[in-house]
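S.K.: Shown below is the structure under consideration.
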Amino acid sequence: MMSKVLKLRLSILLLDLFDLMAFLFFVVGIVLTVRFFVFNPFTVVGQSMESTFSQGDFIIVDKITPKYGELERYDILVFVPDGGDVPFIKRLIWLPGETIVVDKGNIYICDDEDIADVDLTDSWLQASDIDVSDCDLAEDAYLDEGTVTRATSGRTVFPIDQRGYFMVGDNRWGSTDSRACFTGTCYRWANYLAYPENIVGKVAVRLYPSVDKY
């Protein structure tokens, strides 16, 4: 017959085991909540964001800001374009309601007043059809010195609707981005925008090979 002391020790052991299991379930729950709803780790693949990010960089993506906050011009985002299943990392340069013109090695940001006389519904519209003198040049302080931005498909004018974002890699020569409709080719009706439902998150920090906040 089991002694009272042995029964007591067994009861204490079971209680300790229960407490340990409860703690482990709590920790796992917190980790899963953070992993799927708050932050997401990614390893950078490719050279499209050099020299800001390089192949193999380990980054943490903030999933809250795109859903409940407000994205700002020049934020770096991870997203999956329509029809794709591979995450892209690019910089948000242009916001909903603007029009982008790629011309003379630069990218111009035009609002409705700047190009009021232009028919943006013309799918064959080219940069040569638009006077960009009233448009703003995109900031380039984050680019390597001497970087020139060229159209990477036959398209040079990109109207942005009220929900879309125009995404471009910092490595302007080696990035498949909105300029090429994320595929390398912009056929007539191809999509070149990222939408809120496409966005995984905003890059918050790089942890490897150096620690940097964004």
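S.K.: Just for strands (runs of 3 or more DSSP E) wholly inside the stretch 103-214: which have at least 2 residues that are among the β-branched types (Val, Ile, Thr) and touching a residue at least 12 places away in the same chain (Cβ under 8 Å)?
M.R.: Qualifying strands (runs of 3 or more DSSP E): 106-110, 199-208.
S.K.: Acidic (Asp, Glu), surrounded by fewer than 19 Cβ atoms within 10 Å (Cβ to Cβ) and under 21 Å from Asp140 (Cα atoms), is that true of Asp111?
M.R.: Answer is yes for this residue.
S.K.: Still on this structure: Return the only residue of Ala204, Ala141 being surrounded by 15 or more Cβ atoms within 10 Å (Cβ to Cβ), within 23 Å of the chain's Cα centre (by Cα) and either assigned by TED's automatic domain parsing to the domain that holds Pro87 or modelled with pLDDT of 85 or more (or both).
M.R.: Matching residue, one of Ala204, Ala141: Ala204.
S.K.: Further, regarding this structure: Name the residues in the stretch 61-102 that are assigned to a strand (DSSP E or B) and in contact with a helix residue (DSSP H, G or I) (Cβ under 6 Å, 6 or more places away or on another chain), would you?
M.R.: Hits for the stretch 61-102 are Phe79, Val101.
S.K.: Inside the stretch 177-194, can you point out the residues that are in contact with a helix residue (DSSP H, G or I) (Cβ under 8 Å, 6 or more places away or on another chain) and within 15 Å of Ala151 (Cβ to Cβ)?
M.R.: Those that are in contact with a helix residue (DSSP H, G or I) (Cβ under 8 Å, 6 or more places away or on another chain) and within 15 Å of Ala151 (Cβ to Cβ): Cys186, Tyr192.
The values are calculated or read from the model by the stated rules, or taken from the named source; none is laboratory data. On a predicted model such as this, the values are computed, not experimentally measured, just so you know. Quick reminder, even Gly has a Cβ in these numbers, built from the backbone with ideal geometry, and neighbours come from all protein chains shown.
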